[in-house]
Amino acid sequence: MKLILEKQFIDLVNNELKARGWSRSDLAREMGVRPGYITDYLNGRYSPGTDVMERFFDALELQPTLTVKRSKRHLASA
């Protein structure tokens with residue numbers, strides 16, 4: 001489950017960067033960190049904790065939401 005959340009986080013940030021026309025360097029500047037920090041998380045080198053995710057969300061002015069879906073296989077066995 002952790003990997004799924006990380007992938008969703010990475011996809012969300014990358015999609016938001018694209019929608020804004022921002023580079024990772026732009027996000028780094030907004031967050032006050034070096035560009036390598038952004039790259040390390042978005043390439044999966046480090047797993048973001050809630051504190052790191054919050055920093056990304058704050059910089060992008062996003063409200064985090066959590067959606068939990070059950071797989072079709074899980075629903076069929078219930």
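The values are calculated or read from the model by the stated rules, or taken from the named source; none is laboratory data. Note that the structure is predicted; figures quoted are calculated from it, not measured. In this analysis, Cβ positions are derived from the backbone assuming ideal geometry, glycine residues included, and neighbour counts consider all displayed protein chains.
Any residue in region 3-21 that is surrounded by 15 or more Cβ atoms within 10 Å (Cβ to Cβ) and among the basic types (Lys, Arg)? No.
Elements of the type helices (runs of 4 or more DSSP H) sitting completely within region 34-78 and holding at least 3 residues that are at pLDDT 90 or above and under 16 Å from Gln8 (Cβ atoms): these cover 50-60.
For beta carbons closer than 7 Å, sequence separation of 6+ or different chains, a first residue in region 23-44 that is over 18 Å from Glu61 (Cα atoms) and a second that is of a type in the set (Asp, Glu) and at pLDDT below 95, the qualifying pairs are Gly44/Glu6.
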